[in-house]
Amino acid sequence: MNDIDGKATPLSKYKGKVVVIVNTASECGLVAQLGEIEAFSKKYADKGVVVLGFPANNFRTRTFRK
């Protein structure tokens with residue numbers, strides 16, 4: 001999977017952890033959920049949970065021309 005910077009992220013580096021993959025929708029401005037995701041990540045980090053946020057282009061904004 002590619003990270004937010006477009007770099008390949010090998011999921012194998014998280015072997016042995018519980019991985020939660022989240023579509024962050026960070027490109028469209030719907031970032032209100034990030035605070036809750038961060039709180040969840042901090043709460044369960046000591047239990048081996050890793051939260052990975054990957055942007056997806058599901059929420060493309062449209063540009064309209066006059």
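The values are calculated or read from the model by the stated rules, or taken from the named source; none is laboratory data. Please read all numbers here as calculations on a predicted model, not as lab measurements. No Cβ is skipped: glycine too gets one built from the backbone with ideal geometry, and neighbour counts run over all protein chains shown.
Selection of the range 25-55 for residues being among the aromatic types (F, W, Y), under 13 Å from the mean Cα position of the chain (by Cα) and either at pLDDT 90 or above or over 20 Å from K7 (Cβ atoms) (or both) yields only F40. Close contacts from the range 40-63, counting a first residue that is surrounded by 10 or more Cβ atoms within 10 Å (Cβ to Cβ) and a second that is of a type in the set (S, T, N, Q) and modelled with pLDDT of 80 or more, with Cβ to Cβ under 6 Å and a gap of 6+ residues or different chains, come to V51/S41. Whenever a residue of the range 11-33 is within 20 Å of V50 (Cβ to Cβ), its partners that are in a loop (DSSP other than H, G, I, E, B) and modelled with pLDDT of 75 or more, lying with C-beta atoms within less than 6 angstrom and at least six residues away or across chains, give the pairs K17/G48; V18/G48.
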